[in-house]
Amino acid sequence: MAMRSLIIGGTRNLGPSIVHAMLRRGDEVAVFNRGQTRDDLPEEGERLRGDRTDAEQLRRVLAGREFDLVVDTTLYTGAEAEAAVELFADRAGRYIFLSTGQVYLVRTGVKRPFKEEDYPGPVMEQPPKSNTSDYENWLYGFDKRAAEDVFARAWAERKFPFTSLRLPMVNSERDHYDRMYGYFLRVQDEGPLLIPDEEGAPVRHVYGEDVVQAIVRLAESNLGRGCAYNIGQDETLSLVQFLELLAETMHCPLKIVRVPREELDREGLLPHCSPFSGLWMSSLENARSKAELGMEYTPVSTYVKKLVSYFQAVRPHTVEGYAQRLQEVEFAKSR
């Protein structure tokens with residue numbers, strides 16, 4: 001049944017796919033964002049302009065509006081969640097919040113793959129701000145937890161109809177960080193691919209279209225209100241296994257060079273030389289989403305083929321991290 005849908009964000013990574021999915025359903029779709037990112041969204045969607053971090057702008061632009069569905073792709077803090085609850089209480093049929101697997105990474109005493117029941121419990125102490133990467137990643141997970149906690153209280157006290165979708169790294173055609181595309185370019189040029197000399201976090205990501213599938217399943221049902229679900233692929237691969245699959249799909253040789261992490265950091269080559277080698281990488285158990293939402297996840301080999309075909313078909317574009325490619329090759333030769 002067609003609905004009035006609002007997508008907050010909507011221009012990067014998952015956003016356009018969510019907009020297209022709602023339009024295919026026949027929904028009346030409005031997209032709220034600052035209008036600063038170029039996009040190719042279809043003309044059928046209504047454009048609403050404003051900064052979602054400014055609660056007053058959000059209220060002013062959406063004054064008097066009601067929606068059957070709100071999908072929030074750009075909410076990051078408890079304060080933003082509180083503003084959303086106040087604005088959309090009694091004005092949204094259901095509210096889907098894109099959260100993150102990093103809500104588990106800031107927990108203490110839990111192990112991968114993380115389950116939804118691992119969420120409650122103590123959170124690690126704030127890392128020193130001098131350690132920029134750890135601090136920023138910790139803050140991201142901490143703030144997303146604060147947002148989830150606001151929604152959980154709103155459900156308990158007011159039956160605010162939220163559902164949180166906890167996502168690991170999303171591999172998609174429109175990933176604006178070009179993480180998998182960066183690997184694609186390095187395999188394509190047949191030069192050495194530098195990775196840390198360690199086991200590393202397992203690769204248990206998710207294909208972007210599977211996130212859209214979860215949103216559509218929720219939109220078309222009364223399932224999952226007041227709940228959180230892990231959304232992630234079935235398979236767990238090592239980084240090397242993933243890169244071997246990518247190279248095999250591309251019919252290219254794979255030349256992996258393992259280097260101690262501290263050397264790659266000292267040369268300034270991480271994270272661009274191997275973005276899947278980050279220390280803050282979640283892997284999620286997806287059983288609840290399959291049992292309760294009927295989710296069916298795209299096999300990794302299938303979505304890698306889809307992404308490789310897409311990368312080969314689109315016009316090549318500049319990738320920030322690939323600008324250091326010559327430095328990577330020269331460093332590998334010096335080993």
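Assigning unit charges at the beta carbon (Lys, Arg +1; Asp, Glu -1) and nothing else, what dipole magnitude in debye, to the nearest 20, does the chain show about its Cα centre?
Computed charge dipole of the chain: roughly 320 debye.
Using a Gaussian network model of the chain whose springs link C-alpha atoms within less than 10 Å, name the residue from Ser277, Ser301, Ser99 with the highest mean-square fluctuation.
Largest GNM mean-square fluctuation: Ser301.
Set Lys and Arg Cβ to +1 and Asp and Glu Cβ to -1, take the dipole of the chain about its Cα centre, and tell me which of Met180, Ala219, Ala83 lies farthest positive.
Ala219
Based on the alpha-carbon gyration tensor of the chain, what equivalent-ellipsoid semi-axes (square roots of 5 times the eigenvalues) come out, in whole Å, largest first?
35, 23, 19
Long-range amide H contacts for Cys227: which residues qualify at under 5 Å (H placed 1.01 Å from N, peptide plane, sequence gap of 5 or more or a different chain)?
Those lying under 5 Å, H to H, from Cys227 are Ser164.
So what is the accessible area of the range 143-206 per residue, in Å², with the probe set to 1.4 Å?
With the other protein chains kept in place, the range 143-206 gives 36 Å² per residue.
If I take all pairs of Cα atoms in the range 1-119, what percentage of them are more than 22 Å from each other?
Distances greater than 22 Å cover 39 percent of the Cα pairs.
What are the ³J(HN,Hα) values, in whole Hz, obtained from phi via the Karplus relation 6.51 cos²θ - 1.76 cosθ + 1.60 with θ = phi - 60°, for each residue of the range 192-198 in sequence order, with x given for Gly and Pro?
Going residue by residue, I get x, 10, 8, 9, x, 7, 7 Hz, with x marking Gly and Pro.
Counting only protein heavy atoms and using a 1.4 Å probe, what share of the accessible area of the range 238-335 belongs to carbon plus sulfur, as a whole percent?
51 percent
For the range 1-83, with every protein chain kept in place, what is the accessible area per residue (1.4 Å probe, Å²)?
Heavy-atom SASA per residue in the range 1-83 reads 49 Å².
In percent, what relative contact order does the chain have, based on Cα pairs under 8 Å that are 6 or more apart in sequence?
Normalised by residue count, the contact order of the chain is 18 percent.
Is the shape of the range 210-273 best called rounded, prolate or oblate, per the rule: a/c under 1.5 gives rounded, else a/b larger than b/c gives prolate, else oblate, with a ≥ b ≥ c the square roots of the Cα gyration tensor eigenvalues?
Prolate shape, in that a/c is at least 1.5 and a/b is the bigger ratio.
On a 29 Å Cα-Cα criterion, which of the cross-link pairs Lys305/Lys333; Lys129/Lys305; Lys144/Lys290 come out too long?
Lys305/Lys333; Lys129/Lys305
Report the one residue of Ala21, Pro42, Phe32 whose Cα lies farthest in the direction of the positive end of the charge dipole of the range 20-62 (charges on C-beta: Lys and Arg +1, Asp and Glu -1; origin at the Cα centre).
The residue sitting farthest along the positive end of the dipole is Phe32.
With the Cα gyration tensor of the range 1-51 in hand, convert its eigenvalues to equivalent ellipsoid semi-axes via √(5λ) and list them largest first in whole Å.
17, 11, 9
Heavy atoms only, probe 1.4 Å: what % of the accessible area of the range 4-112 goes to carbon and sulfur, would you let me know?
Of the solvent-accessible surface of the range 4-112, carbon and sulfur hold 41 percent.
GluC sites (Glu not before Pro) within the range 10-77: which are DSSP loop residues with at most 15 other Cβ atoms inside 10 Å?
Loop-located and lightly packed - Glu43, Glu44, Glu66.
Sorted by mean Cβ packing within 10 Å, highest first, what order do the peptides 310-317, 214-221, 111-118, 2-9 take?
Top to bottom by mean Cβ count within 10 Å: 2-9, 214-221, 111-118, 310-317.
When the Cα atoms of the range 223-335 are enclosed in a convex hull and the volume is divided per residue, what value in Å³ results?
Measuring per residue, one finds 156 Å³ for the Cα hull of the range 223-335.
Based solely on its DSSP helices, what 222 nm [θ] is calculated for the chain when runs of n ≥ 4 H residues each add -39,500 (n - 2.57) and the sum is averaged over all residues, nearest 500 deg cm²/dmol?
-11500 deg cm²/dmol
The values are calculated or read from the model by the stated rules, or taken from the named source; none is laboratory data. Note that this is a predicted model, so its numbers are computed, not measured. Backbone-built Cβ (ideal geometry, glycine too); neighbour counts: all protein chains shown. Surface areas here come from the heavy atoms of the whole protein model, side chains and all, with no ligands, DNA or RNA. Shrake-Rupley method; radii C 1.70, N 1.55, O 1.52, S 1.80 Å.
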